[in-house]
Amino acid sequence: MPIFMDKILTEYADQACEVARLGRNGVHTPPEPVSAEMLAELESAGDAMRFINSAGRIAWKATAKFRQHLKDLELDAQEDLEDI
C-alpha cells in the first residue's frame, strides 16, 4: 500500500532509507517500513500530520514547525559553507 507524503517528507524518507541501507552493509530494505516508522516518529513528535488529500486518501505532510526546523538547518549549513 503506497504512503502518500508531501515533497518534504518524501525527501526526508528517502534519506532515512539510504541511511538504513548503508547501516546494513548492502542489504536492501524496502522503503515502506522505513517510511512508516519514520512517519510514526515524526507524527508523535508533532513534526508530521495526517490529512485527507484531494483524491480522498489519507496522506501526511510536514508541519510548519518541522518546515521551519529544516529551513533553519539549511541556513546554518549555508553559513558554515560561507565561513570556509
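Summary of computed values
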{"read-out": "Potential lengthening between residue 57 and residue 78 on full extension [0.36 nm per residue; Cα-Cα distance subtracted]", "value": "3.9 nm"}
{"read-out": "Most mobile listed residue (54, 44, 35) in the chain, GNM with C-alpha springs under 10 Å", "value": "54"}
{"read-out": "Whole-percent pair-distance distribution, where bins are 10 Å wide, for the alpha carbons of the stretch 4-83", "value": "17, 40, 31, 11, 1"}
{"read-out": "Computed label-point distance, nm, for sites residue 44 and residue 65 using a 7 Å Cα→Cβ extension", "value": "1.5 nm"}
{"read-out": "Inter-label distance for residue 4 and residue 32, nm, one decimal - labels placed 7 Å from Cα along Cα-to-Cβ", "value": "1.7 nm"}
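Since every read-out is calculated from the coordinates, none of them should be taken as a lab result. In this text the structure is predicted, and so the values were computed from the model without any measurement. As a convention, Cβ positions derive from the backbone with ideal geometry for all residues, glycine included, and neighbour counts pool all protein chains shown.
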